[in-house]
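First the structure, in the form of structure tokens, and then the observations on it.
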Amino acid sequence: MRISYETESVLKILVVVAIIAIVVLYYLLVPIITHKLVPYGVASPKGRIILLENITLGNYTWSNAVDLQKHLILKGSEDYGNSVVLNIQNPDWCLDVLFWDGQKYVRSKECVRKLVIPKYLFMISSAFYWYVESGYHLIAYKRDSAPENYELVNFTVTYGEETDWGAFKVAYPKES
């Protein structure tokens, strides 16, 4: 049985269209299927300037310090466990950790450079950005002297096997 010329032409066109459709779908769908939604890392601060403040929380006071609760934002959609490690790289800087227990502020860590933070300390948004919960405060300050204006403070944040860097410059508020 012989196929007509018109039928043969239609079959050839259909085969070519099917091959092109498969190639296009492959190149469209493979990146979508294998794509990580949000790779882990430090979203903020990444070198921005943060004004130094005199901070008082309950019975605790710091001069020329930074409350990272307002500034530290992580990102990531993978689950690498229950804790995050924050490590201050500058030897003369350290962190205090305070939390509100319902009646008063309690300092759980005092002047540490390496801090293991439970994952529950972060509120994770639907876009996989991690914000420090409102009842927790990570106070960064220079231990033995006053910070220099525009001093750079470097840190790393490790979650599972993933590590990313963060940094901020501290500046004194402009006098009016």
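Against the longest alpha carbon principal axis of the chain, how many degrees, from 0 to 90 and to the nearest 10, is the axis of helix 5-34 turned?
10 degrees
Could you compute how much accessible surface Ser108 exposes when probed at 1.4 Å, giving the result in Å² to the nearest 10?
About 60 Å², ignoring ligands and nucleic acids.
Step through the residues of the stretch 53-65 one at a time and calculate ³J(HN,Hα) from phi using the Karplus curve (6.51 cos²θ - 1.76 cosθ + 1.60, θ = phi - 60°), rounding each to whole Hz and writing x for Gly and Pro.
9, 8, 10, 10, 10, x, 8, 9, 9, 10, 9, 6, 10
Around Ser83, which amide H atoms from residues at least 5 apart in sequence, or from another chain, sit under 5 Å from its own amide H, with H modelled in the peptide plane?
Lys119
Just read off the accessible area of Lys169 with the full protein assembly in place, 1.4 Å probe, to the nearest 10 Å².
Taking all protein chains as shown, Lys169 has close to 80 Å².
Given the C-alpha atoms of the stretch 1-95, compute the convex hull and give its volume per residue in Å³.
203 Å³
Which whole-number percent is the relative contact order of the chain (Cα, under 8 Å, 6+ apart)?
28 percent
What residues qualify as long-range amide H neighbours of Val38, i.e. H under 5 Å apart, gap of 5 or more or another chain, H built at 1.01 Å from N?
Ser77
How large is ³J(HN,Hα), in whole Hz, for each residue of the stretch 148-156 in order, when computed from phi with the Karplus curve 6.51 cos²θ - 1.76 cosθ + 1.60 and θ = phi - 60°, using x for Gly and Pro?
Values, residue by residue: 7, 5, 6, 6, 8, 10, 9, 8, 10 Hz.
Rank Arg143, Arg2 by accessible area, highest first, at a 1.4 Å probe radius?
My answer, sorted largest first, is Arg2, Arg143.
Please turn the phi angles of the stretch 87-100 into ³J(HN,Hα) values with the Karplus equation 6.51 cos²θ - 1.76 cosθ + 1.60 (θ = phi - 60°), one per residue in order, whole Hz, x for glycine and proline.
So the Karplus estimates, Gly and Pro as x, are 10, 6, 7, 6, x, 9, 10, 8, 10, 10, 10, 10, 9, 8 Hz.
With just the Cα atoms defining each centre, how far is the stretch 4-56 from the stretch 130-156? Give it in Å.
38 Å
What nm distance separates the two modelled labels at Ser134 and Ile33, each placed 7 Å from Cα along Cα→Cβ?
Result for the modelled spin labels: 4.4 nm.
Considering only Cα-Cα distances, which of the following residue pairs are longer than 25 Å: Lys75/Lys174; Lys70/Lys174; Lys75/Lys142; Lys104/Lys174; Lys109/Lys142?
Beyond 25 Å: Lys75/Lys174; Lys75/Lys142; Lys104/Lys174.
What accessible area per residue comes out for the chain, rounded to a whole number of Å², with a 1.4 Å probe?
Heavy-atom accessible area per residue stands at 64 Å².
The values are calculated or read from the model by the stated rules, or taken from the named source; none is laboratory data. Owing to the predicted nature of the structure, the values given are computational and were not obtained by experimental measurement. Cβ coordinates were reconstructed from backbone atoms using ideal geometry, including for glycine residues, and neighbour counts include every protein chain displayed. What goes into the accessible areas is simple: the full protein's heavy atoms, side chains included, and nothing from ligands, DNA or RNA. Shrake-Rupley method; radii C 1.70, N 1.55, O 1.52, S 1.80 Å.
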